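*Asks:* Take a look at this one; I'll ask things after.
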Amino acid sequence: MPAKDNTNDEYIRKRVDDISKLIYEVAAGNFDYKLKQRDVEGELEGLIGGINMLGEELKASTVSRDFMESIYKGVVDILIIITPDQTIDRVNDAVVDHLGYSPQDLIGRDFKTLLSTEDFSFLQDIQQHLASNGAYHNAELRLLRKDKSRLETSASFSSLFDNQKNHLGTIVIAKDITHIKETERELKKAKEKAEAANKAKSHFLANMSHEIRTPLNGMLGFLELLGGTSLDTDQTEYLDMIKTSGQSLAKLLNDILDLSKVENGKLNIEHVPFNLKSSIQPSFQTYSYLAREKGLDFILDVEPDLPEIVIGDPSRLTQILTNLIGNSLKFTQEGSVFIRVSGSRKDNHHLDLLLEVTDTGVGIPEQMRASIFDSFTQADTSTTRKFGGAGLGLAITKHLVALMGGTIKFECPPISKNQDNGTSFFVELPLKVPTSPERSEHDPAATKETPAFPKGFRVLIVDDNEINILLAQKVLEKLNANVSLARDGKQAQDLALEQRFDVILMDIQMPVMDGFEASTALRKAGYQAPIIALSANVYPEEIKTCFENGMNGHIGKPFTVDGIFNKITSVINENPG
C-alpha cells in the first residue's frame, strides 16, 4: 500500500508541475504549447484538457483580432461595424479622409449620425432586408461629413454572427462614388443637351421644309399645268429644264429630311403591292432628257421575266434607283450610263431584286472609297465644286437599302464589265411576290387614263397662300370638280357647316384658326365628310397629328395632278357616305 501511495503522490506532483508550466506558457501567449493528456481519468487530466482548449480558443481569438486589424488598416473604403442597436462599435481610418471624423468621434454614437433624415427610411428598408437575407449590396447611400456636406457612396451591408449564430451586428463598407455620380450627371446633361439640339434641328428642318415646299409646290404644280397647254418645241424644252431643276430641289429637300428621319430612327418602310416595272420606268424617263443633253448613251435593260406585282416599298425603290442614276449622270461627262434590273427567285413567294448602275465617269478616288457612303461626302472638295451636290444621295441610299433588308456595294473601276474607268453600283433587295395577282395605286392598270371626278363633285380648299389656292383650284377644276375657297380654318368651319362638300382639303399652318383646330371643331360639330390635310408638313409625327385631329388623309406639297386625284379617290372609297 505505501508504495502505491508514493507513486500516486509523485504523479500528482508531476502533473501539477506540468499544469503550472502549461498555464505559464498560455499566459505568456505561447498558445501552441500543449500538454499531452494521459489515458487515465481524473480531475488533473480534465484540467489539462480544458487549459489546452483555452489555448486554442485564445489563439483563434488572437488570429481573428489580428486578421480584422489588418482588414481595418488595409481597406481604403469606409468600414464601419455597428451593433444590433445601430451603435457604431468600430471604424477604420478611412473615415478621417472621407468624412473628416476621427474614429473616436464616431465610436459609441448612433449610425444615423452619418445619415440625413430623408435617408432614415432607406436605412430601415436595408435593415429589413438584412433580417431576411443577411446582406444588402450596392446601396447608394449619402453619408454626412463632419462639415455636414454629403458624400455619395455605394454601400454594402453584411450581418455578423458568432459560432452559435447569435447576431453580433453589421459590417458596412462604403465606397466613394462621387466621381462616378458626377460623370453620370454630366452625361445626363450632355444627353439632354443633345436631345434638345436634335429637337431644335428637327423643328428647324420641319419649318424650313414647310417654307421651301410651299413655293416649290406652286412652281412645280403650275409647270405641270403649263405642260398640258399648247407649247412649241423650244417652250417644251425650256419647260422640261425648269421642271428638272425644280425636281432636283425637291429631291435635295427630301434627302435632307430623310437623313434626319434616319438619324432619329423614324424612317419607315412600306410593304404594299405595286407594279415593279411601272415603278422603275419613271426613274429612267426622268433622267433620259439630261443624258441626251450631255450626249450620253442611256441604256435601261429590264429582265422580261420579272414578276409584274411585288410587295415592298415602291417609293423607296424609286428613290434608290433615282439616287444611283442621278449620281452616275452627274459624274459622267462622256460615254454611257447603263441600268440593269434583274431578279433571282428563291421560290414562288420571294424575289431578290438586283439593281445595277454602271457609268464611264470619273470614278471614286481610292482614298475616298471607305467613306463614300458617309453623309455630306463626295470624292473631294474639287469634285463638289465641279459637279455640285450635297453629298447625301449615297448616304441615304445605303440607309434605305439597309432598312429594306438589302445590300449595296460598288466596283471602281468596274473590272467585271471590262472597263478601266467609271463605277458600278450593285444593290440587292429582298421583295415578296403575292400568291395571287394584286393591284395598287402604283399599278397603271388600276389608274384611269384620264382621271376625273363625277359631275357635281364639290371640294372646299382651305389655304392662306394665294398661289397654292390658285394651283389647287386649277388642278381640281381640271379634274372636273366644283371648287370653293377659304383662307383660314374659321372660314372653312363656317362654310362646311352651311354647305355640302364631298371633301375638304385643309392646310395646317394658317392664321385665325389652323387646320388642326378647324378639323377638331368640325368633328365635334358632327361633320362627317372626309377632311384631307394638304400641307407642306411631311414629317411622320405631323401626319400622325393630322389623323389624331379628325383628318382622314394627308397630301404632301408639292403634289401632282394624279397624286391629288388618287389620294382623294382613295379616301372617299375608305370613308363612303
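Here, each number is a calculation from the coordinates, and none is a lab measurement. This one's a predicted model, so the numbers in the text were calculated from it and none came from an experiment. Reconstructed Cβ throughout: ideal geometry from the backbone, glycine too, with neighbour counts over all protein chains shown.
*Asks:* Once the piece of chain linking K148 and T233 is laid out straight, how much longer is it, given 0.36 nm per residue of separation minus the C-alpha distance between them?
*Replies:* Additional length available on full extension: 21.8 nm.
*Asks:* Using θ = phi - 60° and the Karplus curve 6.51 cos²θ - 1.76 cosθ + 1.60, what whole-Hz ³J(HN,Hα) does each residue of the range 288-294 get, with Gly and Pro shown as x?
*Replies:* 5, 5, 4, 5, 5, 4, 8
*Asks:* Could you give the dipole magnitude of the range 511-575 about its Cα centre, charging the beta-carbon of Lys and Arg +1 and that of Asp and Glu -1, in debye to the nearest 20? Spell out each step's value before the answer.
*Replies:* On the way: 5 positive and 7 negative charges, 26 e Å.
Result for the range 511-575 is approximately 120 debye, rounded to the nearest 20.
*Asks:* While we're here: To one decimal place, what orientation-averaged projected area in nm² is obtained for the convex hull of the Cα set of the range 517-577? Each step should come with its number before you reach the end.
*Replies:* Values: hull surface 16.8 nm².
Averaging across all directions leaves 4.2 nm² for the Cα convex hull.
*Asks:* Another question, if that's okay. Could you pull out every residue, at least 5 positions away or on a different chain, whose amide H is within less than 5 Å of the one on L160? Hs are placed 1.01 Å off N in the peptide plane, and Pro or chain starts have none.
*Replies:* Here L168, G169, T170, I171 satisfy the definition.
*Asks:* For the range 81-202, with only Lys/Arg (+1) and Asp/Glu (-1) charged at the beta-carbon, what is the dipole magnitude about the Cα centre, in debye rounded to 20?
*Replies:* Computed charge dipole of the range 81-202: roughly 580 debye.
*Asks:* The range 106-210: Rg/Rh from Cα coordinates, Kirkwood Rh? All intermediate terms of the calculation are to be shown ahead of the outcome.
*Replies:* Numbers: Rg = 21.7 Å, Rh = 17.1 Å.
Reported Rg/Rh (Cα atoms, Kirkwood Rh): 1.27.
*Asks:* Ordered by residue, what ³J(HN,Hα) values in Hz, to whole numbers, does the range 189-194 give under the Karplus form 6.51 cos²θ - 1.76 cosθ + 1.60, where θ = phi - 60° and Gly and Pro are x?
*Replies:* Working through the residues one at a time gives 4, 5, 5, 5, 5, 5 Hz.
*Asks:* Compute the separation of the alpha-carbon centres of the range 529-570 and the range 151-172 and state it in Å as a whole number.
*Replies:* About 67 Å separates the Cα centre of the range 529-570 from the one of the range 151-172.
*Asks:* For the pair V76 and R109, what calculated FRET efficiency results from E = 1/(1 + (r/R0)^6), where r is the Cβ-Cβ distance and R0 = 25 Å, to the nearest 0.05?
*Replies:* Computed FRET efficiency for R109 and V76: 0.65.
*Asks:* Moving on. Suppose the chain between H167 and D562 were pulled fully straight at 0.36 nm per residue; how much longer would it get relative to their current alpha carbon spacing?
*Replies:* 133.8 nm
*Asks:* Using the Kirkwood radius built from alpha carbon pairs, what does the Stokes-Einstein equation give as D for the range 299-341 at 10 °C and 1.306 mPa s, in µm² per second?
*Replies:* On the way: Rh = 12.0 Å.
Stokes-Einstein gives a translational diffusion coefficient of 132 µm²/s.
*Asks:* Quick one: length gained pulling R369 to T407 fully straight, 0.36 nm per residue minus the C-alpha distance?
*Replies:* In short, 12.0 nm is gained.
*Asks:* Give me the distance in nm between label points sitting 7 Å out from Cα along the Cα-to-Cβ direction at Q333 and H129, one decimal.
*Replies:* Between Q333 and H129, the simple spin-label model gives 7.2 nm.
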